[in-house]
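Notes follow the structure.
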Amino acid sequence: MSTLDNTGNWRGMEVEFCRAVAAAILGDPAKVKFVPLEFRAAFTTLQSGAADLLARTATWSYSRDSSLNLDWAGVYMYDGQGFMVAKKLGAKSGKDLNGASVCVSAGTTSELNLADYYRANRMTYTAITGATREQNQQNLESGRCDVYSNERGGLAASRTAMKNPDDWEILPDVFSKEPLGPTVRQDDPRFRDIVAWVLNATIIAEEFGITQANVVDMSQNSANPEVQRLLGKTGEFGKMLDLPQDWAVKVIRTTGNYGELYERNLGSGSPIKLSRGLNNLWSNGGLIYSPPFR
């Protein structure tokens, strides 16, 4: 979702989303500053004003939404927590992991979900907490823990970074709901609306076949009234958010539509090759859905 590549550049689905927000507001996807954070510091950094937008695989939950004075501006990935183990362990499901040592990120919903899972199944475990996904991955690979538990998308990404990816498997268990989305402070509802509609614009674009390659042509030639409104040909929909009329064109030129964004970073065009599943459009049996642009 977000990582530094070998050349020191930020890449990933959440990174591209941040660039799309910059394109909408400032007209330039490069006008964004990335602040790397350990997860335990993520929410306090946002609350303090040291960051404007948190794009950090942050799960939308009741307690966070109600007590942190933060807002989630939608969901860009529906995920669920699972387990990754060495194939040689011979485990077929989480029920085979009684007494295991489990790597998990400290201060996350994953840590709480793990405790719930073991308590509900009347099993025991030893938690080995890490500050980052990379640390958990290293602890698993070195044998410090038997299991790594995280969102399944994160596990799939970690497996690609292992020295011998084929030695590891993600068990079929999915034991939590993890709606991941961009998070902002509650003190700026206009900014929250912009972030939300940047996400919605990519979803609507996929619904109507608008892509990174054809968005300019569609903005000029589409006869679909909703496409015309989205891409600024008719109405004053940019003005409603204090944005330029063509803000959505800039967003889609930056990232493409939601499907392109997902496939490039997580799906068939990436090393992770994570099937879309629940992250398909609603019209294809998934949960990805935008309010109408009208």
Practice prompt. Give the peptides 23-35, 238-250 in descending order of average Cβ contacts within 10 Å, highest first.
Written response: 238-250, 23-35
Worksheet, complete the sentence: accessible surface per residue for the chain, probe 1.4 Å, DNA/RNA/ligands not counted, whole Å² -> 47 Å²
Response to the item:
Treating every alpha carbon of the range 1-130 as one equal point scatterer without solvent, the Debye formula yields log10 I(q)/I(0) values at q = 0.10, 0.20 Å⁻¹ of -0.44, -1.25
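Is there a quick way to get the dipole size of the range 134-212? I mean about its Cα centre, with the Cβ of Lys and Arg at +1 and of Asp and Glu at -1; what is the value in debye to the nearest 20?
Magnitude of the dipole: close to 220 debye.
Work through the residues other than L89 whose Cβ is under 15 Å from its Cβ and net out their charges, Lys, Arg +1 and Asp, Glu -1. Don't skip to the end; give the middle numbers.
Working: positive: K87, K88, K92, K95, R144, R159; negative: D96, E141, D146, D166, D167, E169, D173.
Neighbour charge sum, excluding L89 itself: -1.
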Item to complete: Quick one: how many lysine pairs does the chain have with C-alpha atoms less than 17 Å apart and a gap of 8 or more or different chains? Give me the count, please.
Response: 6
Worksheet item: For the range 96-244, what size does the Cα cloud have along each of its three principal axes, sorted from largest down, in whole Å?
Response: 62, 38, 25
Practice prompt. Among S66, T234, L199, flag the residue with its Cα farthest along the positive direction of the charge dipole of the chain, charges on Cβ as +1 for Lys/Arg and -1 for Asp/Glu.
Written response: S66
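With the Cα gyration tensor of the range 85-180 giving a ≥ b ≥ c as the square roots of its eigenvalues, does the rule (a/c under 1.5 for rounded; else a/b larger than b/c for prolate; else oblate) give rounded, prolate or oblate?
Rounded.
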Worksheet item: Helix 39-48: angle to the longest alpha-carbon principal axis of the chain, degrees 0 to 90, nearest 10?
Response: 40 degrees
Discussion item. Give me the one-decimal nm value for the distance between modelled label points at D217 and D166, 7 Å along each residue's Cα-to-Cβ direction.
Written reply: 4.2 nm
Item to complete: Let me have the 222 nm mean residue ellipticity of the chain computed from DSSP H runs of 4+ only, each contributing -39500 (n - 2.57), with the sum over all residues rounded to the nearest 500.
Response: -11500 deg cm²/dmol
Worksheet item: Given +1 on the Cβ of Lys and Arg, -1 on the Cβ of Asp and Glu, and no further charges, what dipole in debye does the chain carry about its Cα centre, rounded to the nearest 20?
Response: 280 debye
Item to complete: In whole angstrom, note down how far apart the Cα centers of the range 196-218 and the range 18-40 are.
Response: 19 Å
Practice prompt. Return the long-range amide H neighbours of A127 (sequence gap of 5 or more, or a different chain), with a cut-off of under 5 Å between placed amide H atoms.
Written response: V102
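Please label the shape of the range 178-294 as rounded, prolate or oblate, based on the square roots a ≥ b ≥ c of the eigenvalues of the alpha-carbon gyration tensor (a/c under 1.5 means rounded; beyond that, a/b larger than b/c means prolate, else oblate).
It is oblate, given that a/c is not under 1.5 and a/b is not larger than b/c.
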Worksheet item: the range 73-108 to the range 220-262: how many Å between their Cα centroids?
Response: 39 Å
Worksheet item: Relative to the longest principal Cα axis of the chain, at what angle does helix 133-142 sit, 0 to 90 degrees, rounded to 10?
Response: 30 degrees
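When the accessible area of the chain is computed with all protein chains present and a 1.4 Å probe, what percentage of it is carbon and sulfur? Mind dumping the intermediate values first?
Numbers: 6810 of 13960 Å².
After summing per-atom areas, the C and S share lands at 49 percent.
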Worksheet item: Which whole-number percentage describes the relative contact order of the range 80-184, with Cα contacts under 8 Å and a sequence gap of 6 or more?
Response: 46 percent
Worksheet item: So how far apart, in nm, are the two label points at N69 and L89 if each is 7 Å from Cα heading toward Cβ?
Response: 4.1 nm
Practice prompt. Measure nothing but the geometry: give the 0 to 90° angle between the long axis through the Cα atoms of 109-120 and the longest principal axis through the Cα atoms of the chain, rounded to 10°.
Written response: 50 degrees
Worksheet item: Which Cys residues of the chain have no other Cys beta carbon under 4.7 Å away?
Response: C18
Practice prompt. Only Cα pairs under 8 Å and at least 6 apart count here; give the relative contact order of the chain as a rounded whole percent.
Written response: 23 percent
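The values are calculated or read from the model by the stated rules, or taken from the named source; none is laboratory data. What you see is a predicted model, and the numbers here were worked out from it, not measured in a lab. Here Cβ is always computed from backbone atoms with ideal geometry, including for glycine, and neighbour counts include all displayed protein chains. The accessibility values were calculated without ligands, DNA or RNA, using every heavy atom of the protein model including side chains. Shrake-Rupley method; radii C 1.70, N 1.55, O 1.52, S 1.80 Å.
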